[in-house]
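Inspection log for the structure reproduced underneath, given as structure tokens.
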There are 2 protein chains.
Amino acid sequence: MPFKLIYGVRRHTRSAKLSEGLRSTMSIAHPYLMFLGDAPDQLAAKTAQGVAQWRPEWCVGQFRLPDCNADLGLKDMSLEEAVEAGAKTLIVGVANRGGRISDEWIDVLERALQLGMDLASGLHRKLGDIPVLVASAQQHGRRLFDVRHPTQDFEVATGAKREGKRLLAVGTDCSVGKMYATLALEREMRSRGLKADFRATGQTGILIAGSGVSIDAVIADFISGAVEWLSPDNEPDHWDLIEGQGSLFHASFAGVSMGLLHGAQADALVLCHEPTRRHMRGLPHYPLPDLKLCMERNLEAAQLTNPDVAFVGIAVNTSGLGPGKGDDYLKRLSDDFGLPAVDPVRTGVAGIVDRLQAG
Amino acid sequence: MPFKLIYGVRRHTRSAKLSEGLRSTMSIAHPYLMFLGDAPDQLAAKTAQGVAQWRPEWCVGQFRLPDCNADLGLKDMSLEEAVEAGAKTLIVGVANRGGRISDEWIDVLERALQLGMDLASGLHRKLGDIPVLVASAQQHGRRLFDVRHPTQDFEVATGAKREGKRLLAVGTDCSVGKMYATLALEREMRSRGLKADFRATGQTGILIAGSGVSIDAVIADFISGAVEWLSPDNEPDHWDLIEGQGSLFHASFAGVSMGLLHGAQADALVLCHEPTRRHMRGLPHYPLPDLKLCMERNLEAAQLTNPDVAFVGIAVNTSGLGPGKGDDYLKRLSDDFGLPAVDPVRTGVAGIVDRLQAG
């Protein structure tokens, strides 16, 4: 296939060859027009909502079909109006009904290509598997980004020490706020004038960062290598804030989490947790791990590639506890572990950044 | 593509649907004709040698091109003679020069298809990417098995308890004899009338078993799920002997090893080790782990999906020590850990099977 589906960008590369190939072509161009299609409810547009929340300055508007029940609070625009407003990429950040992409959607996507926009999608189904879109992209010199499906080739991890600092969010479970915590850290660190870049390892994060790797979709041999690629050498005082995935205690996905730990070569770890979760996500017969044990195991694994790694905080989604109990819970964690314990939504992550700056 | 490249078989499946789809089509048919091509030396034919060593009864002969410098000690045969002798599959168990498959090779492979043989290859380069072979296979109703490249879809691991017993070989490093130890255990257990099946997770193992999964080539999310598929429910007194890969202490591949540990749901672990190794394979700056620590970490990880897991032995490649020192080394390990310590080549693995039977 002469037409290549690509995404992902890195600012610094170890080899000039790689650098040349990637620098010019690999990032998703913004501003974005957010496509919500015929989303049955707000939840179906969760990915788009994440992008609008964390990159409001990139989102010029939203495009909705007549029976759409989601709303990002952005200006409704036609494709033509969006192009007029400078939109470079149409973001498909919505779950499609029944897993198929309807003809109505395809018409819109094709028109966006004709009008000069790229397409970026977080769907399982690939845009690159839809011949009419591939043909149209080729004809109009546009790009299709299927962010769930890495297309670049990665090297096997070397474990070699890289310049710069790295923080990785790890979790007691899947879906306990690792992306949110990492993005909140980026915002807080940048507001203090620190050099920090969020490094995305999942589809929503990639749309928010404009680049990244869906790490759970990489070939097993290259998990750590892909993370090394994602967080390359950098300035000594620069922080990569790497989005974690899964949990060492998740019986389905721990291989991914382990590869992330080794590839990240983390200087700092943040433990993410959701205290009202009854069992591991998707595994009703598996309880959540003890927090202390979970931290020990993550630290032990991370020490293989960075003996100086340390936890710098705990990020908890306390929304299920309510504010009073939530604060008590954070205080107890902080006392027990001698670490800042925060709720990124309610309390912000300043405590963790204070710790990073002190350390 | 209407023509599907497939491999892998399972004897027992949890769903009838899956079982029907796989039972009839997924195993590599034997007897085998071993293709050695123009192998420059014996080492280039390492994969073929493994097959001939562990499945001599499946190997009717070898086919060599004029300038071949490898020899399996099998009868040299033409393709026609091999078919006459009952060969069902031509096994490409040889490294090809410079990574490319020469026209001379392709002529032979195409002729084998025409004569009614399937092809199975352990090469990186896929037979299924060579149009003339795909067309010929389709025309003659033959199958192409690219055993390094899994083609079936796996489910995400459930971590649900399965019937039957499982043993997994783990290692201090890559290439420390995990496949050899597991195959030696299969041979010893079968000789005692025990029910045991080697479960292959690498290309040589798959050619030896006639089925399996190249686990390091699976998409990261499905590592554990693929291992659950590979070692499904079985009779209560049946042992799956699962070939391990990598090491929890290998900075490039530990994600694969972790996923294997969880998916295997092992009752028994065997630690494999090579005592003269100076550093982790491919990573000159990484020392080998302490054996005790390595065992503890493997046990801890394995306990997530099987709390009753225990080490049942240590398998050491002592060839670098010489017989005297080798025996001393095994004795010391056995005393230190209270476990049978064997060299599968020199001493056999009877000690480990004794322990399994006692346990």
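The dipole here belongs to region B:52-155: it is taken about the Cα centre, uses +1 on the Cβ of Lys and Arg and -1 on the Cβ of Asp and Glu, and is about 200 debye.
Work out the length of the dipole vector of region A:272-350 about its Cα centre, built from +1 on the beta-carbon of each Lys and Arg and -1 on the beta-carbon of each Asp and Glu, and round it to the nearest 20 debye. Present the calculation step by step, with values, prior to reporting the outcome.
Numbers: 9 positive and 10 negative charges, 69 e Å.
It comes to approximately 340 debye.
Can you tell me the order of B:270-282, A:322-334 when each peptide is scored by its average per-residue count of other Cβ atoms within 10 angstrom, highest first? Working shown, then result.
Working: B:270-282: 19.1, A:322-334: 14.3.
The densest-packed peptide leads the list: B:270-282, A:322-334.
Putting +1 on Lys and Arg Cβ atoms and -1 on Asp and Glu Cβ atoms, find which of A:66, B:357, B:31 reaches farthest to the positive end of the dipole of the protein assembly as shown. Most positive-ward Cα: B:357.
Please report, as a whole percent, how much of the solvent-accessible surface of the protein assembly as shown comes from carbon and sulfur atoms (probe radius 1.4 Å). Could you put the intermediate results ahead of the total?
Working: 14460 of 28760 Å².
Solvent-exposed carbon and sulfur of the protein assembly as shown make up 50 percent of the total.
Just to verify a number: what accessible area does residue A:103 come out at with the full protein assembly present, 1.4 Å probe, Å² rounded to tens? For residue A:103, the solvent-accessible surface is approximately 110 Å². Return the single residue from A:248, A:291, A:261 with maximal mean-square fluctuation; model: Gaussian network over chain A, springs between Cα atoms under 10 Å. Its mean-square fluctuation being the largest, the pick is A:291. Heavy-atom accessible surface of residue B:300, to the nearest 10 Å², is about 50 Å², with a 1.4 Å probe and all protein chains retained. Please give the per residue volume of the convex hull enclosing the alpha carbon atoms of region A:86-233, rounded to a whole number of Å³. Hull volume normalised by residue count: 151 Å³.
Backbone geometry of region A:100-110 corresponds, through the Karplus equation with coefficients 6.51, -1.76 and 1.60 at θ = phi - 60°, to 3J(HN,Hα) couplings of 9, 9, 6, 4, 4, 4, 4, 4, 5, 5, 5 Hz, x marking Gly and Pro.
Amide H contacts of residue A:61 (H built 1.01 Å from N, in plane; Pro and chain starts excluded): A:34 sit under 5 Å, all sequence-distant by 5 or more or on other chains.
Using a simple spin-label model with points 7 Å from Cα along the Cα→Cβ vector, what separation in nm is obtained for residue B:235 and residue A:78? In this crude spin-label approximation the distance works out to 7.3 nm. Estimated translational diffusion coefficient (Stokes-Einstein, Kirkwood radius over Cα pairs, 25 °C, 0.890 mPa s) of chain B: 117 µm² per second.
In loop segments of region B:145-211 as defined by DSSP, the trypsin sites (Lys or Arg not before Pro) with at most 15 further C-beta atoms inside 10 Å of their C-beta are B:161, B:192. What the phi angles of region B:262-272 give under the Karplus curve with 6.51, -1.76 and 1.60, with θ = phi - 60°, is a coupling list of 6, x, 5, 6, 5, 7, 9, 10, 10, 8, 10 Hz, glycine and proline written as x. Across the copies of the chain, residue B:152 has label points (7 Å from Cα along Cα→Cβ) spaced 3.4 nm apart, shortest distance listed first.
Per residue, the solvent-accessible area of chain A (1.4 Å probe, heavy atoms of protein chains only, all protein chains present) comes to 40 Å². Take every Cα pair under 8 Å whose residues are at least 6 apart in sequence, average their separation, divide by the length of chain A, and the relative contact order is 15 percent. Residues of region A:273-294 that lose at least 30 Å² of accessible area (1.4 Å probe, protein heavy atoms only) when the other protein chains are present, relative to their chain alone, are A:285, A:286.
Burial annotation for region A:144-170: residues with an accessible-area loss of at least 10 Å² between the isolated chain and the complete set of protein chains, computed on heavy atoms with a 1.4 Å probe, are A:156, A:157, A:158, A:159, A:160. Among B:265, B:245, B:139, the largest mean-square fluctuation in a Gaussian network model of chain B, built with springs joining Cα atoms closer than 10 Å, belongs to B:139. Given the pairs A:292/A:331; B:88/B:195; B:178/B:331; B:292/B:325; B:165/B:195; A:46/A:178, which span a C-alpha to C-alpha distance of over 18 angstrom in this model? In this structure, B:88/B:195; B:178/B:331; B:292/B:325 exceed 18 Å between Cα atoms.
Counting only other chain Cβ atoms within 10 Å of each residue's Cβ, the peptide B:295-307 averages 2.
Inter-copy label distances for residue A:141: 5.3 nm (label point placed 7 Å from Cα along Cα→Cβ; shortest first).
Pairs of Cα atoms in the protein assembly as shown fall into 20 Å distance bins, from 0 up to the last occupied one, in shares of 16, 46, 32, 6, 0 percent. Buried accessible surface for the A/B chain pair comes to about 2600 Å², total over both chains, computed with a 1.4 Å probe. Based on C-alpha pairs under 8 angstrom that are at least 6 apart in sequence, region B:225-359 has a relative contact order of 21 percent.
Using a Förster distance of 60 Å, how high is the FRET efficiency between residue A:139 and residue B:278, based on the Cβ-Cβ distance and rounded to 0.05?
On the way: r = 57 Å, r/R0 = 0.95.
The value I calculate is 0.60.
Computed from backbone phi with θ = phi - 60° and the Karplus coefficients 6.51, -1.76 and 1.60, the 3J(HN,Hα) list for region A:47-59 is 4, 4, 5, x, 5, 5, 5, 9, 10, x, 6, 8, 9 Hz; x is used for glycine and proline.
Enter the Cα centre distance for the pair region A:299-359 and region B:90-112, rounded to the nearest angstrom. Taking the Cα centre of region B:90-112 as reference, the centre of region A:299-359 is 57 Å away. Each copy carries a label point for residue B:357 at 7 Å from Cα toward Cβ; from one copy, the others' points are 6.9 nm away, ordered from shortest. Projecting the Cα atoms of B:91, B:51, B:191 onto the dipole axis of chain B, where Lys and Arg carry +1 and Asp and Glu carry -1 at the beta carbon, places B:191 farthest toward the positive end.
Database remark: amide H of residue B:311 closer than 5 angstrom to the amide H of B:269 (H placed geometrically; neighbours at sequence offset of 5 or more, or on other chains; Pro and chain starts carry no H).
The values are calculated or read from the model by the stated rules, or taken from the named source; none is laboratory data. The structure presented is a predicted model; accordingly, all values stated were derived computationally and were not measured. Because the Cβ atoms are built from the backbone with ideal geometry, glycine has one as well, and the counts that use them run over all protein chains shown. Note: areas computed on protein heavy atoms with side chains; ligands, DNA, RNA excluded. Shrake-Rupley method; radii C 1.70, N 1.55, O 1.52, S 1.80 Å.
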